[in-house]
1. Please pull out the direction-averaged projected area of the range A:172-323, using the convex hull of its alpha-carbon atoms, in nm² to one decimal place.
2. Label the range A:232-320 by shape, choosing from rounded, prolate and oblate, from the square roots a ≥ b ≥ c of the eigenvalues of the Cα gyration tensor; if a/c is under 1.5 it is rounded, and otherwise prolate applies when a/b is larger than b/c, oblate when it is not.
3. Just want the answer: with Cβ charges of +1 for Lys and Arg and -1 for Asp and Glu, which residue in A:544, A:584, A:528 is farthest toward the dipole's positive end in the range A:527-606?
4. Would you mind computing the Rg to Rh ratio of the range A:772-819 from its alpha-carbon coordinates, Kirkwood style for Rh?
5. What are the trypsin sites (Lys or Arg not before Pro) within the range A:310-367 that DSSP puts in a loop, where the Cβ has at most 13 other Cβ atoms within 10 Å?
6. Accessible area of the range A:839-940 with a 1.4 Å probe: how many percent of it is carbon plus sulfur?
7. Which listed residue (A:394, A:326, A:316) has the Cα farthest towards the positive end of the charge dipole for the range A:307-407, taking +1 on Lys and Arg C-beta and -1 on Asp and Glu C-beta about the Cα centre?
8. Along the three principal axes, how long is chain A when you take its alpha carbons, biggest first, rounded to the nearest angstrom?
Amino acid sequence: MAREYNFREIEQKWHRLWVEKQTYKVTEDAGRRKFYVLNMFPYPSGAGLHVGHPLGYIASDIYARFKRQQGYNVLNPMGYDSYGLPAEQYAIQTGQHPEKTTFQNIDRYREQLDKIGFSFDWNREVRTCDPGYYHWTQWAFQKMFGSYFCLKCQQAKPIEQLIQHFEQQGTEGITVAQTEELAFTAEEWRAWDEKRKSDVLMNYRLAFLGETMVNWCPKLGTVLANDEVVEGVSVRGGYPVEQKKMRQWCLRVSAYAQRLLDGLETIQWSESIKETQRNWIGRSEGTEVKFRIASSDETFTIFTTRADTMFGVTFMVLAPESELVQQVTTPEQRQQVEDYLRYVKGRTERERQIDHRVTGVFTGAYAINPFTGEKNPIWVSEYVLSGYGTGAIMAVPAHDSRDYAFARHFGLPIVPLIEGADVSEESYDAKEGIVCNSPAAGKTPYCSLTLNGLTVKEAIAATKKYVEENGLGRVKVNYRLRDAIFSRQRYWGEPFPVYYKNGIPTLIPESCLPLCLPHVESFLPTETGEPPLGNAQIWAWDEQKKQVVDKQLIDEENIFPLDLYTMPGFAGSSAYYLRYMDPHNETALVSAEADKYWQSVDLYVGGSEHATGHLIYSRFWNKFLFDLGISCREEPFQKLVNQGMIQGRSNFVYRIKDTNTFVSLGLKENYETTPIHVDVNIVKNDVLDLESFKSWRPEYNTAEFILEDGKYICGWAIEKMSKSMFNVVNPDMIVERYGADTLRLYEMFLGPVEQSKPWDTNGIDGCHRFLKKFWQLFWDKDGQLQLTDDEPSAESMKTLHRLIKKVTADIETFNYNTSISAFMVATNEWTAQHCTNRQVLSQAVALISPFAPHIAEELWEALGHDTSVCDAEWPSYDEKYLVESSVRLGVQFNGKVKFSMDFPADATPEQMVAQVLAADEAQRFLQEMQVVKTIAVPKRIVNIVVRP
RNA sequence: GCCCAGAUGGUGGAAUUGGUAGACACGAGGGACUUAAAAUCCCUUGACCAUAACGGUCGUACGGGUUCGAGUCCCGUUCCGGGCACCA
């Protein structure tokens with residue numbers, strides 16, 4: 001009896017042995033080089049895994065196993081991002097408590113993951129909802145609360161240092177990240193009470209309470225961060241989001257804008273994702289210029305990147321939310337302005353984004369252009385945003401399309417400043433050309449500057465210099481990156497380790513962390529924003545006893561209310577890679593030793609949808625911990641690979657209108673039909689299984705079919721993989737039918753890891769067949785190992801070394817699909833060569849081990865090894881097996897291949913050309929031709945250019 | 001509007017980075033084995049023309065260019081995907 005490839009038996013056996021032998025347990029080992037591979041950990045959603053989810057895990061597992069075989073000490077951990085909206089929404093939808101659903105879902109995920117044969121070290125598993133884990137999320141928050149950011153040294157510092165500065169000098173001489181620019185003296189500071197001081201410090205802390213406009217989502221009952229809102233609706237659920245002013249915890253991410261930008265130059269991420277982050281950070285170099293309000297001593301500041309256009313300003317515009325609006329509006333215009341502000345307030349964020357209508361109102365006030373002395377009317381318009389720059393602009397309609405539209409609409413003057421710019425139809429926005437129309441030097445008493453004849457770039461530089469030298473303003477860099485709103489009016493998240501002592505937010509002592517999430521029966525969010533934690537009875541802080549107590553005691557001495565908000569999903573996922581280094585440490589997030597050994601993630605694999613969320617927050621968080629001296633590397637993820645999405649391939653049947661008859665794809669044009677999604681699992685190669693279809697749903701019991709060639713052919717389309725399209729393929733089902741090794745191989749064979757591609761189960765047979773063929777290399781007809789120890793044949797060695805070279809190079813570049821093709825070719829060659837050589841086939845097993853670990857273990861054991869194949873040394877190749885004794889070259893005349901010739905492998909181009917020209921076939925061509933030129937490319941081609 | 005990435009058979013995708021386009025796999029067609037099915041194996045499979053056999057022409061979204069030679073490099077166009085977007 002031939003020995004069959006019994007994948008079920010093999011895979012079960014090795015899953016058991018890997019657990020028993022702790023094969024994938026990792027410990028720090030100073031004697032070995034480390035390598036840290038990480039996947040973005042999953043949200044354990046209720047739907048379980050479909051075949052798209054493990055794609056990245058398989059890719060990184062292959063890399064991890066490869067590195068391990070190369071002798072690295074590889075950290076390849078896994079865990080669960082189990083706090084936050086997705087987990088909670090699932091709980092709400094199923095009407096169960098998130099505590100319950102989260103753990104159920106985690107178990108289900110684990111069960112599915114275990115079937116695929118990953119080399120995860122589960123001893124290091126982390127869960128963000130575990131108090132032992134969120135201890136350190138809360139701890140980091142407290143550290144941020146206790147820090148400010150020094151802009152001069154570009155570093156976070158303890159807030160005590162800033163307080164000391166205030167005590168001595170007030171705000172004099174500080175250059176720090178802050179919400180708004182405050183100015184006070186040491187005397188003023190010292191005179192303030194604790195509450196006032198606390199409020200002022202919020203202007204500087206890296207984690208602070210801020211009264212800001214937030215994205216409020218009534219349906220989700222919580223505020224959302226900017227990256228959680230797209231086009232005015234929530235990313236989760238697609239519910240409307242409105243702007244609301246609320247007092248919220250925020251993280252001063254913007255302080256790190258420049259470092260976040262600079263760091264991108266030091267890491268190996270795809271250009272597109274770096275570009276996305278650059279856009280999101282939105283650095284913009286410009287100038288702030290002060291304008292005086294006419295007949296007043298008040299001034300206000302605008303921000304512009306086009307300082308060269310100072311002479312083209314014809315009006316000013318304020319954002320409707322700007323406090324200046326109230327200050328400058330004249331009594332005559334007040335009514336109109338009030339009406340306008342009411343109109344703006346009534347517009348939702350979504351309306352504002354979609355509908356860019358030109359609206360605005362004159363305030364009645366004028367601003368004096370410091371360069372010309374001209375009086376420019378001050379308008380209010382919704383096209384100026386309050387949250388960017390200073391919330392006020394100078395309008396240069398000739399060179400800004402938005403100002404142009406506004407000027408046209410309200411009949412304001414347009415003054416062009418660039419030679420040859422025609423602004424009769426549209427503005428000239430390009431930052432190029434020669435500046436004109438600025439007054440000659442000394443022409444106005446206001447300004448000695450002339451820009452005429454300069455390029456735009458030169459003019460900007462000259463104006464900046466002038467502004468600074470004359471105290472008219474300053475050079476300023478603005479960033480679009482906003483501070484992150486850090487609180488959620490939700491239940492399922494980390495509580496803030498903060499209580500309110502006489503209204504002053506106060507940290508609970510570090511030694512009392514973690515502050516555990518209390519159980520509440522009613523965890524549902526409310527549309528009004530009442531936090532569910534308000535339902536917790538035992539939720540007050542006893543300062544004396546240092547513990548959580550019943551909130552009814554709040555009026556007593558030393559007992560204060562605790563914060564009722566929870567942290568957002570990204571809190572727990574921002575530093576989890578550090579925790580994996582030292583997951584059981586109870587005294588620190590990560591010990592200095594563990595951090596020093598593992599450093600940072602060498603290879604991070606995950607979806608590009610986190611570009612402006614997790615991947616920004618994590619970098620911010622790590623930079624902060626770096627400033628604290630906790631993390632030894634400034635960037636957390638050195639190389640990032642973004643796996644593509646696996647799309648679904650849906651199938652359709654075509655029902656003839658008003659009947660229960662279905663017509664095959666090729667004949668559907670003859671009828672009026674409705675396409676209906678049909679479960680892809682009852683379709684094979686687009687042929688419908690009629691019996692399964694009838695029993696799929698009761699209404700199809702009596703279905704009738706119009707077939708072509710006796711078959712029902714379904715239509716198909718590539719769509720998102722989702723339950724509603726019946727195109728979800730479950731990995732468990734594939735593992736059951738073909739085995740985990742086949743699944744792993746096929747997921748990689750589908751195409752490049754970084755590319756999105758549709759899943760089509762039909763192709764999987766090819767990979768399964770390959771594994772069977774590979775298996776059969778080892779066994780004879782009687783099921784005995786058929787290996788020989790003789791000298792391997794030259795051709796089998798050539799096959800082997802070509803394979804080693806190809807696979808080694810491919811793994812490094814994540815081209816797993818071509819590696820697998822190479823395996824298929826090599827296996828066919830060995831079969832044809834009747835290769836049974838132990839030396840050759842042992843190395844083949846070592847090579848295939850990262851891709852198909854179960855079959856590799858089984859064969860490795862059969863070969864007589866008593867160690868796991870995952871510690872088998874990665875084979876190296878020797879070029880000597882790859883050299884060809886002769887080279888067959890195509891010979892071209894005028895670029896067309898005419899014949900081919902064999903040359904010795906070491907022939908020089910000159911020798912080849914000489915030999916070709918001497919050949920009979922060449923002679924025939926050349927009789928009536930003249931050789932113009934000959935080109936020989938070694939090992940490729942000889943080309944001879946001729947003419948009659 | 002700006003920025004990034006891409007377009008190759010019926011399908012997923014290869015192509016040594018400027019050197020015989022279509023590797024490998026699926027699907028399809030034909031054949032072998034079998035009572036039959038499954039499994040396995042062999043042949044054909046970019047398009048068109050042609051043949052007993054050979055052979056030829058076209059072909060990597062489209063139009064130009066550089067080159068002895070272009071899927072690959074340059075310029076322009078179209079289409080698809082992604083990011084940013086009244087950001088001054």
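1. Quarter of the Cα hull surface area: 14.2 nm².
2. oblate
3. Positive-most Cα among the choices belongs to A:584.
4. Rg/Rh for the range A:772-819 comes to 1.10.
5. The qualifying sites are A:357.
6. Within the range A:839-940, the accessible surface is 47 percent carbon and sulfur.
7. Among A:394, A:326, A:316, the one farthest towards the positive end of the dipole of the range A:307-407 is A:326.
8. Sorted from largest, the Cα extents of chain A read 101, 90, 74 Å.
The values are calculated or read from the model by the stated rules, or taken from the named source; none is laboratory data. Bear in mind that the values here come from a model prediction, so they are computed numbers and not experimental data. Glycine also receives a Cβ, built like all others from the backbone with ideal geometry; neighbour counts cover every protein chain displayed. The area values use the complete protein model at the heavy-atom level, side chains included, leaving out ligands, DNA and RNA. Shrake-Rupley method; radii C 1.70, N 1.55, O 1.52, S 1.80 Å.
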